[in-house]
Amino acid sequence: MRHRLLSALLLVTVVVSSLGAGVGAGVAGAADAQTTCKFPVTKTDATGAKVTINEAPKRIVTLSPSAAQTMWKIGGKDKVVGVSKYSAYLDGASEKTNVSGAGMTAVVPEKVVSLNPDLVLAPNIISDETVKKLRNAGLTVYKFREAKSIDDIYAKTNLTGKLTGECGGAKETVSWMKDRIETVHQAVEGEDSPSVMYVMSGGYTAGNGTFMDTIITQAGGTNVAAEAGISGYQPISNEVVVEQKPQWFIVSTGAKIPDAYSSTPAAKKNQTVSLNPNYVSQPAPQIVKPIAKLAKTLHPKAYQKANVTTTTEQTMTSADSGSRTTTTTADSATSTSESGGQPGFGVPIAVVALGLVGLLTRRF
C-alpha cells in the first residue's frame, strides 16, 4: 500500500512537471484572484500622515536596502527605479539610480524627485525632515515604522505588497518565510540552548532588545551578551566574554575572532558560524535564511529531522488538496550560505559593511 502511495505521488509530480507553464498559469491565476490589491489604498505611516495611493504605482524609489530586498522578493523589482547605495548586493541593483548622498542615511532629494516616482518607500531612520522635503516636492512617501520582530517583518512585507500592487507576491513570500521559521521552531523545541555570541568589530556585540538577539533566540541559542546584562549594541570586555564561555561565535562574512577570545569553548573547538551581514542587518524576508542556517548549525540532527517532517507534511497536504507544492527540500540554500535558492513560487530572489555599519543598517 505504501509503495502504491509513493508511486502515485511520484506520478503526480511527473505529470505536473511535464505540464509546465500551462497548469502553473491556471493555478497562479486562481491565487492572484484571491490576493489582488485594491486601490485606492490609505495607510497611516510612521510620521502619522495618512498616505493615499490611488492606483498601483509603476515607478518606485526605495530609500533602504530592506525595502529594496522586499520589492525584489515579492516580484516588484522591475517597478523600482531608484535605490540606496546599501542595496548594491541585490542582483540588478546597479541598473537602478543610486539616490544616496554622503553619510550612512543621507538621501539626495533632488535625485529622488528627478526619477518622477509614483511612490517612495522610506525606512524609519530617514528623518521626518527629508520625508517632508520629498512630500513638498509633490511625491507620495510612505515611512515605515521600525520592525523589531519576525512578526513585524511579516506585517511589513504584506504592507509593502499592498502599497505597491504586489499583494500576491507578498502573501506567498510571507508563507515561505513562515514555513522556514516553523521548521526552525520544530527543530529547537525541547533542545538544549547553546550559548552564542555575536562578534562585531571594535569589541562590540549585540545584547538584549536587538534584532540579532531575536535571531539567536529564534534559532535555539542563548545570547551571552544578554545574559551578561548588555542591552542594545554595546562594547563587551574580553574578561566578560571569557567569563561567559560562549560555545558558538557568530561573525559577519569575512570577519575574524579576536585572539583574546582564544580560551573560550567556541574558540577552542573552532565553532564559528558566518552569516551574511546583508540578511542579518535588514528587517526583510531574507532574514529567515540566517535564522535557519544558525538553527541548523546549533542543532544539526534536530533540524534535519524537522526539515524532513515539514517537507513531508507539506507534500502530503499539497497532494491531498490539489494545490501546488511550496516545499523547501533539503534546505540546501542555507546549509553553506544564505544566498540563492527560491521558495518555489516564481518570485525573484536576490543573491554592508561590518561592525557599526551593520548596527545602523539593521534598521533599514
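The values are calculated or read from the model by the stated rules, or taken from the named source; none is laboratory data. What you see is a predicted model, and the numbers here were worked out from it, not measured in a lab. Here Cβ is always computed from backbone atoms with ideal geometry, including for glycine, and neighbour counts include all displayed protein chains.
In table form, for the structure just shown:
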item	result
Filtered residues of the stretch 123-144 (kept if of a type in the set (Gly, Ala, Ser) and in contact with a helix residue (DSSP H, G or I) (Cβ under 6 Å, 6 or more places away or on another chain))	ALA137
Filter pass, LYS269 being closer than 30 Å to TYR86 by Cα, of a type in the set (Lys, Arg), surrounded by fewer than 23 Cβ atoms within 10 Å (Cβ to Cβ) and not assigned by TED's automatic domain parsing to the domain that holds GLN69	no
Condition check for VAL80: surrounded by 24 or more Cβ atoms within 10 Å (Cβ to Cβ) and at pLDDT 95 or above	yes
Tally, over the stretch 203-262, of residues that are within 22 Å of the chain's Cα centre (by Cα) and polar (S, T, N, Q)	10
Failed item, numbered, when GLN282 is tested on (1) assigned to a loop (DSSP other than H, G, I, E, B); (2) farther than 22 Å from ARG180 by Cβ	(2)
Unmet requirement for THR52, which otherwise passes all of (1) part of a strand (DSSP E or B); (2) crowded, with 16+ Cβ neighbours inside 10 Å	(2)
Out of THR210, THR217, THR253, sole residue that is at pLDDT below 95, surrounded by fewer than 18 Cβ atoms within 10 Å (Cβ to Cβ) and under 27 Å from THR70 (Cα atoms)	THR253
Strands (runs of 3 or more DSSP E) (entirely within the stretch 182-276) containing at least 2 residues that are under 18 Å from ILE291 (Cβ atoms) and hydroxyl-bearing (Ser, Thr, Tyr)	195-198, 272-275
Pairs, first closer than 21 Å to PHE211 by Cα in the stretch 244-262, second charged (D, E, K, R), C-beta under 8 Å, six or more apart	GLN244/GLU227; GLN247/LYS269
Verdict on THR205 being surrounded by 23 or more Cβ atoms within 10 Å (Cβ to Cβ) and touching a helix residue (DSSP H, G or I) at 6+ places or on another chain (Cβ under 6 Å)	yes
Scan of the stretch 57-105 for residues that are assigned to a helix (DSSP H, G or I) and under 18 Å from SER127 (Cα atoms), ordered by number	PRO65, SER66, ALA67, LYS85, TYR86
Flag for VAL61 being at pLDDT 95 or above, within 24 Å of ASP152 (Cα to Cα) and β-branched (Val, Ile, Thr)	yes
